[in-house]
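Structure first, then comments.
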Amino acid sequence: MMGDIWMTLLGVLVTTLLAFVTGMFYMGASRKITARVQNRVGPPIYQNFLDLIKLQAKDTAIHHGWMQLLGPAFLMVSAVGSLMFIPVLNKGLFFENFTADGDIIFLLYLMVFGSLGMALGAGQTGNPNSAIGVTRGLTQMVGFEIPWVMAIVALILQYHTTNIAEILEAQHRSGVWSMFANPYAFIAALLAAFGMFRYSPFDIVGAPAELASGPVSENGGKFLGTMMSSHAVFAFVKLVLYVDLFMGGADNLVELVIKTFGLYLIPLTYGMVNPRYRTEQAVRYFYGWPTLFGIIAILYAVFY
Amino acid sequence: MNDKNSQKIVDVIKNFARKHSLFVLAYGTGCGAIEIPATMTSRYDAERFGIRGAATPRQADVLLITGYLSTKTLKRVIRTYEQMQDPKYVIGFGSCTINGGMYWDSYNTIKLLDMYLPVDIYINGCMPRPEAVIEGFIGLQKLIAAGKAEGAKKYKENLDWYRANQKKVIKNWVMPDYNW
Ligand code: SF4
């Protein structure tokens, strides 16, 4: 029994570390790739680690109240918490952590928890930019959650389970990734991912040029550092969840990196060639094609 | 390994990270601000040195004063500077921040920025080209790596002197206190 607990703790630690390092490198790679697209040299790929060390080495004498101090912690808790319910590799090759029945539905809640905590924290800073950023973020969330949830419901209907590990199993048994078994669900989820990753044209929350980085604007130093790390972990969480749900998971870490990075490139490259939407344009976008594909996906899952 | 040595190692690592990660708050006061976009974008690409823009003073490390400061702007600049978190640096950009430049006899601008804010490094020129700007940033990086960019400390230690200077030119001093 004691051994189990230590194993679990070790799993939590190793999984979080893996997610953190991979996420940070992906963010670094995204900066590098963006720079190359703009015909620049760009920062080194490990730039984000330097930024993080610097941010953590900064003094932080900002105090607007407890909720503001807790905001970044909420983000971190939500990111690491969601990570614990996602099988990183197939067949329990990696630490399994806490996968259980019904974890998809639980994840749907847990994944928005961080943003909500952050929203409360940003509200307490009293900075008008933060308040506008929060409203924009929540509006956008209402937009992309609809096709995203529809895609997940389609998968649940198709495989008759709410357990991620079982969805993985079913994909292996049939030999077809659900990306092909129900392509409409994949398209809906992918289009929703544009909003989830918040690259342009959906970077309406941060919007440095008009909102002074929105909810983050009063947070410097260690707060910003914590947010950056949680961002890295959360990016990994989302990518692995997509790979698990739609691309049959991964058998080893190399395959995982190839699949997740390929997936990551889609919102990134889409963002490079797009300017920023206005809030209502973003919402209208998600209520258009993505939702339509979501509906088709559910119908397809029910009748096919 | 005594404590002093380990502290030294930590300082070296911290200064290395600080040197290679400068978030810049470009306070576009004068005409020189037009060189900042050129410095940041494709042609001169300051991001390869880890220099990137910050959106708010809370996130920034470097305050870039690009040119002449009218006394009205000076008040906002002081407020901005005091909202920034330690360690923080100030770059005076263009002749106007050094000796008033072509505004040396203006009734409404300050002549020497260092009297009001602790400038770590100046970039001269009217206006400095992006090469000069990057040169100035690299000068700042060298100071940081050597642990000599201590403007913020100077400001804290000589706060009374700075405040007296600031209040001499800013007549209606209504400013909140910061607990920085
Ligand atoms: S130094 Fe020259 S370019 Fe710069 S603000 Fe002064 S007058 Fe303008």
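The values are calculated or read from the model by the stated rules, or taken from the named source; none is laboratory data. Being a predicted model, the structure only gives us computed values, none of them experimental. As a convention, Cβ positions derive from the backbone with ideal geometry for all residues, glycine included, and neighbour counts pool all protein chains shown.
The table for this structure:
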read-out	value
Residue in the range B:48-60 that is farthest from the ligand (Cβ to nearest atom), counting only those that are under 19 Å from B:G139 (Cβ atoms) and in a helix (DSSP H, G or I)	B:R48
B:Q85 assigned to a helix (DSSP H, G or I), of a type outside the set (D, E, K, R) and within 14 Å of another protein chain (Cβ to nearest Cβ)	no
Matching option when the condition is β-branched (V, I, T), closer than 14 Å to B:V119 by Cα and within 13 Å of chain A (Cβ to nearest Cβ), among B:V62, B:V90, B:V77	B:V62
Condition check for A:D203: among the acidic types (D, E), crowded, with 18+ Cβ neighbours inside 10 Å, within 30 Å of A:H160 (Cβ to Cβ) and in contact (Cβ under 8 Å) with a residue 24 or more places away in the chain	no
Extreme residue, farthest from the ligand (Cβ to nearest atom), among residues of the range B:14-34 that are of a type in the set (V, I, T) and crowded, with 21+ Cβ neighbours inside 10 Å	B:V24
Among (1) modelled with pLDDT of 90 or more; (2) within 13 Å of the ligand (Cβ to nearest atom); (3) surrounded by fewer than 22 Cβ atoms within 10 Å (Cβ to Cβ), the one test that B:M102 misses	(1)
Options B:D45, B:D114: the member that is of a type in the set (D, E, K, R) and either over 29 Å from A:V205 (Cβ atoms) or within 16 Å of the ligand (Cβ to nearest atom) (or both)	B:D114
Residue in the range B:140-148 that is within 13 Å of the ligand (Cβ to nearest atom) and either at pLDDT 90 or above or more than 14 Å from every other protein chain (Cβ to nearest Cβ) (or both) present	no
